[in-house]
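The values are calculated or read from the model by the stated rules, or taken from the named source; none is laboratory data. Since the structure is predicted, the reported quantities are computational estimates derived from the model, not experimental observations. Neighbour counts run over all protein chains shown; Cβ positions are idealised from the backbone, glycine included. Calculation scope for accessible area: heavy atoms of the full protein, side chains included, ligands and nucleic acids excluded. Shrake-Rupley method; radii C 1.70, N 1.55, O 1.52, S 1.80 Å.
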Amino acid sequence: MKAIKLHDPIPALNPIGSISVLGATPLSGDPQAALLMLYGEPQDAFTCGLFSATQGSFSMTYPFTEQATVLEGEVELTVESTGITTRYQPGDTWFAEQGTTVLWKVLTPRFVKCYLANVEQR
């Protein structure tokens, strides 16, 4: 069992470069991503891990269905199809279905989430 507690120090994440390496489109700033896999590998259908992004904005169509909880920082997510924007802070959680296009606006120098993702067969 791997425990991730909201107020514990966040483990070191591995830098992976521009958010664009994940298929996202940077819109402002130069958001950089980092990752720590807790279960599976990035190419697997079912994964769990920690993800971080630096300040800036980008658009991303979810390549998986995801449940995520914010551990550090603040982010505003806007669902493109509805225009609804929600701000998330530590402890807040969201669920996004595969194929949903979301505009991300990272409001703090670093944003970190813990996620559980599943690529659905369609």
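If only one of Gly56, Gly49, Gly91, Gly83 is touching a residue at least 40 places away in the same chain (Cβ under 8 Å), among the small types (Gly, Ala, Ser) and not in a strand (DSSP E or B), which one is it? Working first, answer last.
Details: Gly56 fails: not in a strand (DSSP E or B); Gly49 fails: not in a strand (DSSP E or B); Gly83 fails: touching a residue at least 40 places away in the same chain (Cβ under 8 Å).
Of Gly56, Gly49, Gly91, Gly83, the one residue that is touching a residue at least 40 places away in the same chain (Cβ under 8 Å), among the small types (Gly, Ala, Ser) and not in a strand (DSSP E or B) is Gly91.
Is there a residue being among the hydroxyl-bearing types (Ser, Thr, Tyr) and open to solvent by 60 Å² or more (accessible area, probe 1.4 Å) anywhere in segment 40-48?
Pass one, segment 40-48, residues among the hydroxyl-bearing types (Ser, Thr, Tyr): 47.
Okay, now just the ones that are also open to solvent by 60 Å² or more (accessible area, probe 1.4 Å), so none.
Checked segment 40-48: no residue is among the hydroxyl-bearing types (Ser, Thr, Tyr) and open to solvent by 60 Å² or more (accessible area, probe 1.4 Å).
Right, Thr65: under 15 Å from Lys105 (Cβ atoms) and within 13 Å of the chain's Cα centre (by Cα) or not? Steps first, please.
On the way: under 15 Å from Lys105 (Cβ atoms): no; within 13 Å of the chain's Cα centre (by Cα): yes.
In short, no.
In the list Ala68, Ala12, which residue meets the criterion of being in a strand (DSSP E or B) and small (Gly, Ala, Ser)?
Ala68
Among the residues of segment 24-39, how many are open to solvent by 50 Å² or more (accessible area, probe 1.4 Å) and assigned to a loop (DSSP other than H, G, I, E, B)?
Result for segment 24-39: 1.
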